[in-house]
Structure formats: C-alpha cells, structure tokens
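The values are calculated or read from the model by the stated rules, or taken from the named source; none is laboratory data. In this text, all values refer to a predicted model and were calculated from it rather than measured experimentally. Neighbour counts run over all protein chains shown; Cβ positions are idealised from the backbone, glycine included. Heads up: the accessible areas ignore ligands, DNA and RNA and are worked out on the full protein's heavy atoms, side chains in. Shrake-Rupley method; radii C 1.70, N 1.55, O 1.52, S 1.80 Å.
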Amino acid sequence: MLVKTNAVVLNSLKYGESQIIVDLFTETHGRLSFIQRLPRTSRSSVKKQFFQPLTILVIEFDYRQSQKLQRMKDASIAYPFVSLPFDALKLSIALFLAEFTCYCTRSEQANPPLYLFVENSVRWLDMCESGFANFHIVYMLHLTRFVGFYPNLDDDSSKAYFDMRAGCFVTHVPVHPDFLVPAEAHEIRLLMRLNYTTMRLLSLSRSERNRIVDVILQYYRLHQPDFPEMKSLPVLQQLFG
C-alpha cells in the first residue's frame, strides 16, 4: 500500500557504509522505522540532511505491516526551518525533545492529534524569537494529555500531596516514596496552565527549572516502562538556567 504522509524525524543511526536507520513519527501510521540508502550524488531526491532531529518531512513509502524496517520511495521537506538548526539554544532543546519523544512514542500507533501536537510544537519553537527557556517543560507536560497519564488536578489545596504513581492529589502522605510534598505539589496546577504563549511569564532559576524537569522525567518513568536516562539532558541543563 503506497502511503504519503507528514513525518517528524526523531532519530537516525548509520548502518553500514551506505545506509541509515531512521525513526520517524508519522501522521498516518504512528512510529515507524526506515532503512534508507545514503545518496551518492546531490541529485538524489532523498538527501542525508533530511534526517536531522525534528525535521518535518513529507514521505512516500510502500507500507508493509510485516516489515520492521520500511523503505522510502521519496521524501521532501514539509516545513523549511527558519532558525532551529542555526540557534544553539533552540538546537539543544530540539535534540532533547527528539530524544524524549522517541522514547515516549516507541509503541505509538496512528494518533493524529498527538502527531499534530508534535509538529505544531516544532513549528512554534522554530518561529519563536525569544522567551522559550521553558519550552521543553511545557512540551513535556502537555504531551501527557496524549499518552494517557495527564494528572488529575482535582482536590488541589495548599496542604495536599501529589501522588506521582496515581497522578493525583491526596490528603495524606502516600505509602511509597514517589510523591511531592505540598509546597511543590501546589505548583503543578500553575505549570499545567502554561502554554507556549504564556510560558515566558514564568521566571525560573537554573535549579528550579532543572528540578521541574527531573520531576517530570520521574513522572514519565513511573508511567512508561523502561524509560531510560536522557543522554541530551546534561547539555540542556547547563544552557538553560
């Protein structure tokens, strides 16, 4: 079956001397992996630079459900970046979010709302001129809406704990160690209300921002099996403070 769809590049890995394996999040089929021969000439329709993290492509391929690695027939840039590959701060966010999204969508089937959230977020980051230091925080929090563990914000109070395993506020200390004390728990509602437009209004120190990211990653690890350590996190933590 010939398929034409938009796709966001999440990861690429060289395979042998002349091929790469590319992980994509596609609009029509969710997560797919492709094996692609690297072009030997500049006239090839599929170019190596197409497979940089978070590049938005239009691809054509003959979908074969039984195959773990698909093969592209054609690819082109769906959205030419204005700033993302050329801005060191944006690029560090892009590398982190590509890795993060790669882990979050490993078994994701077709999910057009999630795909549109990812693509529109990438476009927003590329076009934003300033005030994007909290972008990755807002992205990770809003992604919970699509992957099944958006926190229950009912019963929030100044004295409530947040049970990270249950994803909700509770009045007593949980019997396990995965919870936030009231002082931190009370900030969840504020953070969940942020969007890409309003996030610039929240001023955070380096330690505060890093703490928030660590808590969010802990939350994901509790709800997604085998969620690994993020290799790109240390660079992000150094750049944004």
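The table that follows gives values for the structure above.
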{"item": "Verdict on Arg221 being out of contact with any helix residue (DSSP H, G or I) (no Cβ under 7 Å at 6 or more places or on another chain), among the charged types (D, E, K, R) and surrounded by fewer than 17 Cβ atoms within 10 Å (Cβ to Cβ)", "result": "yes"}
{"item": "Qualifying positions in region 148-181 - within 23 Å of Asn210 (Cα to Cα) and in contact (Cβ under 8 Å) with a residue 40 or more places away in the chain", "result": "Phe149, Pro151, Met164, Arg165, Gly167, Asp178"}
{"item": "Selected residue (criterion: surrounded by the most Cβ atoms within 10 Å (Cβ to Cβ)) from residues of region 69-98 that are of a type outside the set (A, V, I, L, M, F, W, C) and assigned to a loop (DSSP other than H, G, I, E, B)", "result": "Asp87"}
{"item": "Selection from region 197-211 of residues that are touching a residue at least 60 places away in the same chain (Cβ under 8 Å), in a helix (DSSP H, G or I) and open to solvent by 30 Å² or more (accessible area, probe 1.4 Å)", "result": "Arg200"}
{"item": "Number of positions in region 180-193 that are part of a loop (DSSP other than H, G, I, E, B) and either surrounded by fewer than 17 Cβ atoms within 10 Å (Cβ to Cβ) or of a type in the set (Gly, Ala, Ser) (or both)", "result": "1"}
{"item": "Subset tally (residues that are modelled with pLDDT of 95 or more, hydrophobic (A, V, I, L, M, F, W, C) and in a loop (DSSP other than H, G, I, E, B)) for region 43-59", "result": "1"}
{"item": "Single condition Glu129 does not satisfy, out of (1) of a type in the set (Asp, Glu); (2) exposed (fewer than 14 other Cβ atoms within 10 Å of the Cβ); (3) within 16 Å of Ala185 (Cβ to Cβ)", "result": "(3)"}
{"item": "Scope region 2-42; condition in contact with a strand residue (DSSP E or B) (Cβ under 7 Å, 6 or more places away or on another chain), modelled with pLDDT under 90 and not in a strand (DSSP E or B); matching residues", "result": "Ser18, Leu38"}
{"item": "Residues within region 29-68 that are of a type in the set (S, T, N, Q), closer than 18 Å to Val3 by Cα and open to solvent by 60 Å² or more (accessible area, probe 1.4 Å), tallied", "result": "4"}
{"item": "Top-ranked residue in region 1-28 [being in contact (Cβ under 8 Å) with a residue 60 or more places away in the chain and among the acidic types (Asp, Glu); ranked as least open to solvent (accessible area, probe 1.4 Å)]", "result": "Asp23"}
{"item": "Set Pro234, Pro177: member being assigned to a loop (DSSP other than H, G, I, E, B) and either open to solvent by 30 Å² or more (accessible area, probe 1.4 Å) or under 22 Å from Ser121 (Cβ atoms) (or both)", "result": "Pro177"}
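Residues are listed down the side, and each one gets a yes or a no for (1) of a type in the set (Asp, Glu); (2) in a helix (DSSP H, G or I); (3) open to solvent by less than 20 Å² (accessible area, probe 1.4 Å):
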{"position": "Ala110", "(1), (2), (3)": "no, no, no"}
{"position": "Glu119", "(1), (2), (3)": "yes, yes, yes"}
{"position": "Arg123", "(1), (2), (3)": "no, yes, no"}
{"position": "Ala133", "(1), (2), (3)": "no, no, no"}
{"position": "Met140", "(1), (2), (3)": "no, yes, yes"}
{"position": "Leu143", "(1), (2), (3)": "no, yes, yes"}
{"position": "Tyr150", "(1), (2), (3)": "no, no, no"}
{"position": "Asn195", "(1), (2), (3)": "no, no, no"}
